[in-house]
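Participant: Got a structure here, written out as structure tokens. Questions coming.
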Amino acid sequence: MYCEDDLLHIRGVQQLSYCKRRCALLFIEQQWSDNFFTAKGIVMHDKAHAEKIEHKKGVVIERDIYLKSYELGLIGKSDVVEFHRSGNKLIPFPVEYKSGKAKSDNVDKVQLCAQALCLEEMMNVTIESGAIFYGKTRNRLNVEFNKSLREETFALAQEFHSLVDSRETPKPEYSKKCYNCSFKELCLPEIFDKQKSVKKYLKEIVNNEKTI
Ligand code: SF4
């Protein structure tokens with residue numbers, strides 16, 4: 001169990017799942033860099049947070065709910081939580097808004113699952129599922145909070161705490177995901193790409209071939 005002073009931002013779980021170095025740049029070095037994708041994401045979040053409480057077909061929709069889990073050591077805010085009636089109980093159903101499209105990995109799902117685990121701890125309920133709304137494809141992906149996703153989220157939360165406690169930013173590991181990463185200019189992953197010569201890298205910078 002973590003105490004109040006140990007709590008870290010819930011978003012770290014998603015960032016760590018994407019890239020350990022990115023997570024360290026953000027949460028150890030306090031750096032932030034927007035690109036087209038993150039800027040679009042901010043606009044979508046602002047829209048999602050426009051009205052705080054709404055009622056729709058028997059579902060109560062609340063935005064900006066503070067989330068906290070002492071077990072995971074996380075704190076943050078929801079995009080949207082729908083409350084669905086089940087008997088005499090209201091069961092929370094977290095919904096996260098993303099600007100892009102659904103991914104083949106669990107990067108977005110672990111963030112949503114962390115929100116669900118916070119709500120479970122805060123409200124003493126079990127939450128079976130939630131959803132991620134993707135702006136680019138305008139579809140809503142239902143996410144089941146099964147055992148393996150819960151375990152993955154829990155492990156990431158622990159690793160996130162260890163990373164922040166270590167105060168050490170790992171070196172970049174160049175991969176496909178660097179291409180769309182908003183931290184590319186800060187991180188300079190290509191310098192560490194063993195497949196690429198420094199000469200070629202510098203030539204690309206001069207020609208500005210790689211700027212999005
Ligand atoms: S550019 Fe690549 S290595 Fe650097 S933070 Fe982004 S994903 Fe990680």
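The values are calculated or read from the model by the stated rules, or taken from the named source; none is laboratory data. All values derive from a computational prediction rather than experimental measurement. Counting neighbours? That spans all protein chains shown, and the Cβs are built from the backbone with ideal geometry, glycine included.
Participant: So which residues in the stretch 129-142 are farther than 14 Å from Val81 by Cβ, touching a residue at least 24 places away in the same chain (Cβ under 8 Å) and not hydroxyl-bearing (Ser, Thr, Tyr), if there are any at all?
Facilitator: Gly135, Lys136, Asn139, Arg140, Leu141
Participant: To continue, here is another question. Sort through Asn146, Asn106, Asn142, Asn124 and tell me the only one that's within 20 Å of Leu7 (Cβ to Cβ) and either of a type in the set (S, T, N, Q) or in contact with a Cys (Cβ under 8 Å, 6 or more places away or on another chain) (or both).
Facilitator: Asn124
Participant: Considering (1) surrounded by fewer than 13 Cβ atoms within 10 Å (Cβ to Cβ); (2) without any contact (Cβ under 8 Å) to a residue 60 or more places away in the chain, say which one Lys109 fails and leave the rest.
Facilitator: (1)
Participant: Limited to the stretch 146-176, what total is found for residues that are within 14 Å of the ligand (Cβ to nearest atom), modelled with pLDDT of 90 or more and farther than 30 Å from Ile127 by Cα?
Facilitator: Within the stretch 146-176, residues that are within 14 Å of the ligand (Cβ to nearest atom), modelled with pLDDT of 90 or more and farther than 30 Å from Ile127 by Cα number 4.
Participant: Can you find a residue in the stretch 36-46 that is of a type in the set (A, V, I, L, M), surrounded by 14 or more Cβ atoms within 10 Å (Cβ to Cβ) and either farther than 28 Å from Lys171 by Cα or modelled with pLDDT under 95 (or both)?
Facilitator: Yes - at least one qualifying residue is present in the stretch 36-46.
Participant: To continue, here is another question. Return the pair list, or none, for Cβ contacts closer than 7 Å from residues in the stretch 11-28 that are touching a residue at least 24 places away in the same chain (Cβ under 8 Å) and outside any helix (DSSP H, G or I) to residues that are polar (S, T, N, Q) and surrounded by fewer than 23 Cβ atoms within 10 Å (Cβ to Cβ), at least 6 apart or on different chains.
Facilitator: Final answer for the pair search is Ile28/Thr169.
Participant: Looking only at the stretch 1-28, which residues are within 11 Å of the ligand (Cβ to nearest atom) and not small (Gly, Ala, Ser)?
Facilitator: Within the stretch 1-28, Gln15, Leu16, Tyr18, Cys19, Lys20, Arg21, Arg22, Cys23, Leu25, Leu26 meet the criteria.
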